Amino acid sequence: MSYETIDYAVADRIATLTLNRPDRLNAYTRKMMEEMIDAFDRIDADDDVRAVVVTGAGRAFCAGADLEGGTSTFDLAKAEDSPVRADGSLDYSKQSARDSGGLLTLRIHRCLKPVIAAINGPAVGIGATMTLPMDIRLASENARIGFVFARRGIVPEGASSFFLPRLVGMAQALEWCFSGRVFSAAEAKEGGLVKTVLPADELLPAAYALAREIAENTSPVSVALIRQMMWRGAGMTDPMQAHRIDSRGILSRGRSRDVAEGVTAFLEKRPPDFPDRVSADMPDYFPWWEEPDYH
């Protein structure tokens, strides 16, 4: 698939996904959603990709939903397979009723590779919420972030009511969403949303250094499992739930080629070369959260 709204490149086992509508401050469209989801499908299918960096072209990360359509932007009455019935009532069961930001964030949440956001400029609305299921957020000093939904008369999307309180706590999440104000990268760091704030010219090098640390030193299967264990664990209500999954992981991975290589490399004082791949060697209990009795 060739892309119109994003750039996708792979080098040194790191995929870079660049939002690429700089003339519109990388504003989000349905087309961008489709292309980003396709890119994450490619990322999971490519064993040569070990980590992902997401950033924006030009001076913005993503200015939010493209409002060029004016007041009809969020009105789906004329959309294909519209969820609006002839009598004006809403059919919430239709696929077309689903929030496009949420379709993207749920896909990122399912990703098998670690995802690093390099927030190079303004990240507003979906531009902010799409970063929440990413694993680590780095921000440029030029970044400005806003959960502006209440100022547009709508509500937060992108499953952010799940992700944001888990990342920054309920009080901080509510203050940012209630006010809808745009705030600085420094405030985002203080509130726990971003890990580090960097000068603009140091942002991507720092993101790639972090991605290389993962790509060069860790088992891809272990990282894929850890990513889902941590995110799925955020909803657990008892440590026994985590213990069950930990036990499966230790038991199944303990017999793997990766563990043999990791231990041997440690004893021989050399870098490991892990043979297992996410495309073929995920353990038989994965994905455990789809089991009927998981909860």
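Any read-out appearing in this document is the output of simple, stated calculations on the displayed coordinates, not a laboratory observation. None of these values were measured; they are calculated from a predicted model. Ideal geometry is used to build each Cβ from the backbone, glycine not excepted, and the neighbour counts take in all protein chains shown.
In whole Å, how far is the Cα centre of the stretch 44-69 from that of the stretch 8-28? Cα centres, the stretch 44-69 to the stretch 8-28: 5 Å. Per-residue 3J(HN,Hα) values for the stretch 266-276, derived from phi via the Karplus relation 6.51 cos²θ - 1.76 cosθ + 1.60 with θ = phi - 60°, read 4, 5, 8, 6, 9, x, x, 10, 6, x, 6 Hz in sequence order (x marks Gly and Pro). Per-residue 3J(HN,Hα) values for the stretch 41-56, derived from phi via the Karplus relation 6.51 cos²θ - 1.76 cosθ + 1.60 with θ = phi - 60°, read 4, 5, 4, 5, 7, 9, 5, 6, 8, 10, 7, 10, 10, 10, 8, x Hz in sequence order (x marks Gly and Pro). Using the Karplus relation 6.51 cos²θ - 1.76 cosθ + 1.60 with θ = phi - 60°, the per-residue 3J(HN,Hα) values for the stretch 222-230 come to 4, 5, 4, 5, 4, 4, 6, 4, 5 Hz, with x marking Gly and Pro. Tell me whether the stretch 215-261 comes out rounded, prolate or oblate; compute the Cα gyration tensor, take square roots of the eigenvalues as a ≥ b ≥ c, and use a/c under 1.5 as the rounded threshold. Note, shape of the stretch 215-261 comes out oblate.
Rounded, prolate or oblate: pick one for the stretch 185-241, where a ≥ b ≥ c are the square roots of the eigenvalues of its C-alpha gyration tensor, a/c under 1.5 means rounded, and failing that, prolate if a/b is larger than b/c, else oblate. Oblate, because a/c is 1.5 or more while a/b does not exceed b/c. From least to most packed, judged by other beta carbons within 10 angstrom and beginning with the fewest, 109, 243 follow the order 243, 109.
Counting other Cβ atoms within 10 Å as a rough exposure proxy, the listed residues 111, 62 run 111, 62 from fewest neighbours to most.
Judged by the mean number of other Cβ atoms found within 10 Å, the most tightly packed of the peptides 221-230, 169-178 leads the ranking 221-230, 169-178.
Quick check: from the Cα gyration tensor, does the stretch 156-295 come out rounded (a/c under 1.5), prolate or oblate? Oblate shape, in that a/c is at least 1.5 and b/c is the bigger or equal ratio.
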